[in-house]
Structures are given as structure tokens and as C-alpha cells.
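The next block holds one structure in the form of C-alpha cells; read it before the comments.
The values are calculated or read from the model by the stated rules, or taken from the named source; none is laboratory data. Since we're looking at a predicted model, the values are computed, not measured. Glycine also receives a Cβ, built like all others from the backbone with ideal geometry; neighbour counts cover every protein chain displayed.
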Amino acid sequence: MTSMISVTLKGIFRDRVFQGILMTALIFLLIPTVSLLSMRQVTELSITLALSLNSLIFLLLSVFLGGTMLWKDIERRYSYGVLGLPMTRSSYLAGKFAGVALFFLLTAIVLGAATFVVVFFASSLYPPERPVQWEIIALCLFFDVMKYVLLVAIAFLFSTLSTSFFLPVFGTIAIFLAGGATQQVYDYIHSTAGDTLTPLVKQAASGLYYLLPNFSAFDLKVNAIYGLSTSFSGLLLTIGYFLLYTTFILSLAALIFSRREMR
Amino acid sequence: MRTPLLLTTSSLLFYLLLIGPFAGYLQNRPFIERIGYVPSFKVLKLVAADHKEVTASFLVMKVLMYFGGLIELTQNEVAVAPDYPAMSRLIHNAVELDPYNMDAYYFAQAILSWDVGRVDLANKLLDHGMQYRTWDWQLPYFAGFNHAYFLKDYATASRYYQRAGELSGFDLYKNLAGRYMQEAGRTELAIRYLSTLEQGEKNLAIKKSYQLRLIAFQEVQRIEVARDEYQKKFGRLPASIDQLVQEGLLTPPVDPYGGNFYLQPDGKVATTSKFAFATKEGSEPAQK
């Protein structure tokens, strides 16, 4: 499996994905200037923009890298050669996933460094009223990586279901949007405003809430931007949620992939 | 080979011809068209996913840019009725998406209370912000000013100033309400408040709006001084500002908002502009 991770990583670098990220990361240079448009929260705006740019890059990576990783191998008939080797399909899938996850971690380190430089620069120009909480920014980046790695697992699951390019890409985008909204929908149906809904709609929404991934738990942006403290037990629960949900999705993907007919 | 070359050259030429009028059309569109349709915050919350804070910042920036454009037009003496309801709606959406966004509260305070005359809406937003920005002294400071100056509710103003003093560590704020409790001190209160904000403001559009308002209040103060002198000299209130000018106590005052100053029967100084640019008739800012 280690060799599969290494092959996956090399493949990603060969496809010049990293150069693409670095090109996009040039937008970081504009952040201090754009932040000056703020009247009362220059540093906070620079953190907002930097973290949002990170999230956008990770979203694009999850959708296009995660969604096309298996599809591309199958299209190129590269998988047939690999699967002929003494390696289970599950190991192949797990190796591919671990390679992508490792690449995400690497990207997070580079983008995180860019974020820190940009925020440091902005905060030295216009010192914020409250000191920047660097550790919460780092924590926010780490949880962002977890969220998008989970999204990659979902993209892998869609890839094992269909050889088409469209299902993994659009399916992943749909799950991303739904996963970001489930908590709000759940809160709404359990508030007084939700009393007007029929019990069937409420039950369906609750069912979807438990079934779909809950991405809002991974979003620590507001804590990072305004230096708000985080709940340690909440973070631990979120890590546990990530590990269990990702394992479940990946094992389901492996199950489907190992039974799939390759023509 | 010739056809693609001809197409490229001609399309580039037509593009250059078109881009001027195209950019002009986009720049001159009404505010509501320029920002496009902004859905309710409930929808925005769902689709913004993990970009709620950045969406809120963009909404505030849109309003700021529009406001900056208005100030520019006013300087060039072009009369444009500000679309306050649309601005207010965007600010409300912004604080729903990111209840910590200070720019939104700050802008709301600067515009809703002064230009639109909706101190109630501004105070509601400030109270909303105080629930989240529990460390911020500026929000209670603004609310204190609104209660003292606009509403003349000195007891509530004291409470807010007390809070601002506790949060900032400056005892001065705690005494503010008491110091300016007299009607005579209202203009001075406004001038001091505006001077403090104007000095700390780096956004040019907002700074300009503070400067205009400061000029207006300094003019009011000049009239008040002349009125008091007249009263001391003649033992009665002047009938009009013209009387003060004729007596040589005052050079003719100028309202930067384009209105005319006048004296109310009780001697208070007022202006036909009400210290704001003309608004669209019947327009009301959005409420939460």
C-alpha cells in the first residue's frame, strides 16, 4: 500500500496539480490590499479572505482530484495493470485515498504558511483590537483539511458507483452543499418555526441529517477570525466523527469496488 | 489561415469599440440592479456553505462602494437620491450571516442613525451586535450616544456608557452621559463624537461623510453662539438667522447638505436638509 501512496503522490505532482495550486495561491498577495477596504476590521477581513481562499482551493481539489482519481485510472486502463499485481482492490483504493489525503496535508502546510504571512502582514499594518489567535487559525486549517478529506472519501464512493465523470463530480458538489446545510435545516425543523411542517417532512429531514455528512462541525472560521475560544470536547467529538464517517464511506467504497466488474 | 486571422482582428476591433459603452452601462446602472438580486439571508446561509463570513464581508463592501460613489457624486454636485432601503437590507443580511462583522454595525450606526433618522433600527442592530461582540466597547459607546443625543434617554445612555467604560477601561465614557445631559451640550456632544470617529476613520467615503456632518454641526454651533450673544445683548431671542447676520454677529452659515438653516420658535437651530441628503420619496429602510 505504501507504494500505491507514493505512486499516487507522484502522479498528482506529475499532473502539475501543485503548480496549479501555487498559481491560485497568488491571490493571497491581493488579500492585504483588499482587507484595507474594511473600516473597522482589517485583520479580521484578511483572516476571512485567507481562510475562504484555502477552503475554495480544497473544495476544487476534493471535487476534481477526488472525483476524477479513480475515473482517470479506469479510463486510462491503468487500474487493470495495477490490479493484476498481488494487491487487493481495497488496498488499491485505500492507497489512492491515503495518497490524496497526504497531498491535502502537504498543501495545507504550504497554504497555511501563506495564510500566516498574509495575516501577520495585515495585522502589523492595522493592529487588531484583540490579538490574533494563531493557534485557532491553525486549528481551523486542520479541521478544514479533515472536512475536505471526508469529501474526497465521498468522491471516491461516487467513483466506485459509476465510471462516468459526471456522477463523482456533481455528486460530490451536491453532498458538499447538502452537508453544509444539514445542521441549519435540523435546527430549523426543531425550532418553533418548524412547527408548521408535516411530521413526514420532519422525519425525512431528520433522517437526512443523520445520513448526510455534517460539515458545519468542521467550520471553525468564526472562531479563527474573531479569536473565539473552541470547545475541546466538541473538537474531540468532531475528530471521532471524521474518523468513523470516513472509515464507513471508504469501506463501503471498497466493498462496491471489489465487486465491480472491470471491462 | 486568413479566415481565423481576419476573425481575430475584427473581433478584437469590435471588442475595443464595445468595451467603453459596455463599462459605462454597467457603472451607471441603479444600485439595486448593480448588486443584482440578493436572496434572503436564510437562503444565503444555506448556499454560502463555509463561506458565510466572506459573503457577509462582500455584502458590506458592496454597500460601502455604493456609498463611496454617492459621496463622490455629491462632491461633484450631482443630486442622487440614496437607496437607503437596499443598503439597509444588505447590512441586515450581512449581520445575519456573520453576527460578529463590525463593519456592518459601524456602517449601520453611521448611516441609519444620522442619514436615515432610524435610530431605533440602528440601536436594534447595535444590541444584536453586543450579544456577540461581548468584548467590544464601541457598540455600547455608539448606543450610548444614540440614546443621549437622539433619544434624550440619559438613563439608558448612562448604562451603555458605563458598559463602554468597563470594556475599554476608560472612565471618561462612564461620565459622558452626565456631562452632556443639558440640551445646551448636545451640539458639543455631537461634534466631539464625530471628531473622534472622523480622526480614526480610514475609509475615505465614511471619513468624507463625517467631515460633512462635522462642518454642519460646527455651523450649528456658530449660530448657537451668535444667538446666545444676541439674547445677551437684546434680552430676547432673534427672530431669524438673517437678523444675526444683519447685527454682524454671524457670517452667513452654509449647510453642506444643501439645506437652509433656520431658528425654531424656541430658539433651537434647525435645517431644512435635516443633516442628510435627500432620500427617495416614501423609501423606508428594511427592518429585521
On the given criteria, is B:Leu244 crowded, with 20+ Cβ neighbours inside 10 Å and either at pLDDT below 90 or outside any helix (DSSP H, G or I) (or both)?
no
Say we look at the range A:199-224 and pick out the residues that are over 19 Å from the mean Cα position of the chain (by Cα) and within 14 Å of another protein chain (Cβ to nearest Cβ); which of these is modelled with the lowest pLDDT?
A:Ala205
Among the residues of the range A:170-186, is any away from chain B (no Cβ under 14 Å) and at pLDDT 90 or above?
yes
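What number of residues within the range A:169-195 satisfy the criterion of being touching a Ser or Thr at 6+ places or on another chain (Cβ under 9 Å) and over 17 Å from A:Lys147 (Cα atoms)? Quick ask: steps written out before the conclusion?
Just the residues of the range A:169-195 that are touching a Ser or Thr at 6+ places or on another chain (Cβ under 9 Å), to begin with: A:169, A:171-172, A:176, A:179-184, A:186, A:189-190.
This time we only want the ones that are over 17 Å from A:Lys147 (Cα atoms), so: A:184, A:186, A:189-190.
Of the residues in the range A:169-195, 4 are touching a Ser or Thr at 6+ places or on another chain (Cβ under 9 Å) and over 17 Å from A:Lys147 (Cα atoms).
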Matching residues in the range A:101-117 - criterion: being in contact with a Leu (Cβ under 8 Å, 6 or more places away or on another chain) and either within 14 Å of chain B (Cβ to nearest Cβ) or without any contact (Cβ under 8 Å) to a residue 24 or more places away in the chain (or both)
A:Thr115
For A:Leu177, which of the numbered conditions (1) in contact (Cβ under 8 Å) with a residue 12 or more places away in the chain; (2) outside any loop (DSSP other than H, G, I, E, B); (3) not small (Gly, Ala, Ser) fails to hold?
(1)
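Of the residues A:Thr230, A:Thr247, which single one is closer than 23 Å to B:Glu53 by Cβ and away from chain B (no Cβ under 14 Å)? Outline the logic, then answer.
Details: A:Thr247 fails: closer than 23 Å to B:Glu53 by Cβ.
None of the others qualify; the one that does is A:Thr230.
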For the range B:62-72, check the following and say yes or no: at least one residue is closer than 30 Å to A:Phe176 by Cα and modelled with pLDDT under 90.
yes
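Among B:Pro238, B:Pro252, B:Pro256, B:Pro265, which is assigned to a loop (DSSP other than H, G, I, E, B) and under 27 Å from B:Gly144 (Cβ atoms)?
Values: B:Pro238 fails: under 27 Å from B:Gly144 (Cβ atoms); B:Pro252 fails: under 27 Å from B:Gly144 (Cβ atoms); B:Pro265 fails: under 27 Å from B:Gly144 (Cβ atoms).
Just one listed residue meets the conditions, B:Pro256.
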Inter-residue pairs, beta-carbon under 7 Å, first in contact (Cβ under 8 Å) with a residue 12 or more places away in the chain and in the range B:235-252, second surrounded by fewer than 11 Cβ atoms within 10 Å (Cβ to Cβ) and assigned to a helix (DSSP H, G or I), 6+ apart:
none
State whether one or more residues within the range B:120-139 are within 20 Å of B:Phe41 (Cα to Cα), over 16 Å from the mean Cα position of the chain (by Cα) and among the hydroxyl-bearing types (Ser, Thr, Tyr).
yes
With the condition being away from every other protein chain (no Cβ under 13 Å) and at pLDDT below 85, I'd like the helices (runs of 4 or more DSSP H) fully within the range B:82-181 carrying at least 2 qualifying residues.
B:84-97, B:154-168, B:171-179
Condition broken by A:Ser6, with the remaining ones in (1) within 14 Å of chain B (Cβ to nearest Cβ); (2) under 30 Å from A:Arg89 (Cα atoms); (3) over 17 Å from the mean Cα position of the chain (by Cα); (4) of a type in the set (Gly, Ala, Ser) satisfied
(1)
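Answer yes or no: is there a residue in the range A:146-161 that is away from chain B (no Cβ under 14 Å), of a type in the set (Lys, Arg) and either on the phi < 0 side of the Ramachandran plot or surrounded by 22 or more Cβ atoms within 10 Å (Cβ to Cβ) (or both). Give the steps one after another, and end with the answer.
Our first condition is that a residue be away from chain B (no Cβ under 14 Å); within the range A:146-161, this holds for A:149, A:152-161.
Next cut, of a type in the set (Lys, Arg) only: none.
Taking every residue of the range A:146-161 in turn, none turns out to be away from chain B (no Cβ under 14 Å), of a type in the set (Lys, Arg) and either on the phi < 0 side of the Ramachandran plot or surrounded by 22 or more Cβ atoms within 10 Å (Cβ to Cβ) (or both).
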